[in-house]
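Everything on this sheet refers to the single structure shown next.
The values are calculated or read from the model by the stated rules, or taken from the named source; none is laboratory data. Just so we're clear, the structure is a prediction, and the values are computed from it rather than from any experiment. No Cβ is skipped: glycine too gets one built from the backbone with ideal geometry, and neighbour counts run over all protein chains shown. With ligands, DNA and RNA removed, areas are computed over all heavy atoms of the protein, side chains included. Shrake-Rupley method; radii C 1.70, N 1.55, O 1.52, S 1.80 Å.
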Amino acid sequence: MRPYHIIVAVDGSDEAGRAVDWAAHLAKCDDIPLTVVHVMPRGGTNRIPQAMEEFERIEHLHLTEHDLLRSAAEKIVGRAAERATQVGAPKVDTAVLVGGDPATVLAAEAEDLGANLVVMGCRGLSNVPGMMLGSVSHRMLHLMDRGAVLAVH
């Protein structure tokens, strides 16, 4: 089966970087759209982090926990999209999603985008810890109704 839309899940890790390389090469070969996705485990609050309170008072700058988490997530997908473009992916979009279980959120995004391939890094846990902890890549294998999951090590 030929991919017609690829999602690559990123978290800023080296494994995710290798997944971006794989996804970008695949996208480049067949001129396939690629979406770089980061799932924030939680959206953060609208409170100002205690460490930032003095800075906010002096600089009159309002930054919430949500703003900081979102900014970090945007940097993660931005760097990954730039990497994918450098590798040669023809069309790269980004998405920052908020949800509890990253695998469930990724599977829903794949469905929404009509993606039939999700590429992601795996951290290389052995089978026993992986089964006990329920890795994201392992859960994705069970959640993808239509398509494939490529776990890059």
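Which ones in the range 23-63 are under 21 Å from A95 (Cβ atoms), open to solvent by less than 90 Å² (accessible area, probe 1.4 Å), modelled with pLDDT of 65 or more and in a loop (DSSP other than H, G, I, E, B)?
I32, P33, listed by residue number.
Look at the range 1-22 and say how many of its residues are modelled with pLDDT under 95 and closer than 18 Å to D112 by Cβ.
2
Taking the range 104-124, which residues are in contact with a helix residue (DSSP H, G or I) (Cβ under 7 Å, 6 or more places away or on another chain), among the small types (G, A, S) and touching a residue at least 60 places away in the same chain (Cβ under 8 Å)? Give the steps one after another, and end with the answer.
Start the filter on the range 104-124 by keeping residues that are in contact with a helix residue (DSSP H, G or I) (Cβ under 7 Å, 6 or more places away or on another chain), which leaves 104, 106-107, 118-123.
Within this subset, residues satisfying the condition of being among the small types (G, A, S) are 107, 121.
Within the range 104-124, G121 is the sole residue that qualifies.
Which one of R2, R18 is open to solvent by 60 Å² or more (accessible area, probe 1.4 Å) and free of Cβ contacts under 8 Å to residues at least 60 places away in the same chain? Even if it seems obvious, please write down each step before you answer.
Details: R18 fails: free of Cβ contacts under 8 Å to residues at least 60 places away in the same chain.
Going through R2, R18 in turn, the sole match is R2.
Going by the structure shown, is L125 at pLDDT below 85 and surrounded by 14 or more Cβ atoms within 10 Å (Cβ to Cβ)?
On the way: at pLDDT below 85: yes; surrounded by 14 or more Cβ atoms within 10 Å (Cβ to Cβ): yes.
So L125 fits the description; yes.
From the set of residues in the range 64-103 that are of a type in the set (G, A, S) and more than 21 Å from R18 (Cα to Cα), which is surrounded by the most Cβ atoms within 10 Å (Cβ to Cβ)? Explain how you work it out, then say what you get.
Taking the range 64-103 as the starting set, the residues that turn out to be of a type in the set (G, A, S) are 71-73, 78, 80-81, 84, 88-89, 95, 99-100, 103.
Applying the additional criterion that residues be more than 21 Å from R18 (Cα to Cα) yields 71, 99-100.
On the way: S71: 12, G99: 16, G100: 9.
This residue is G99.
Could you list, in sequence order, the residues of the range 64-102 that are in a loop (DSSP other than H, G, I, E, B) and modelled with pLDDT under 95?
Filtering the range 64-102 for residues in a loop (DSSP other than H, G, I, E, B) gives 64, 88-91, 99-101.
Residues satisfying the conditions are T64, G99, G100, D101.
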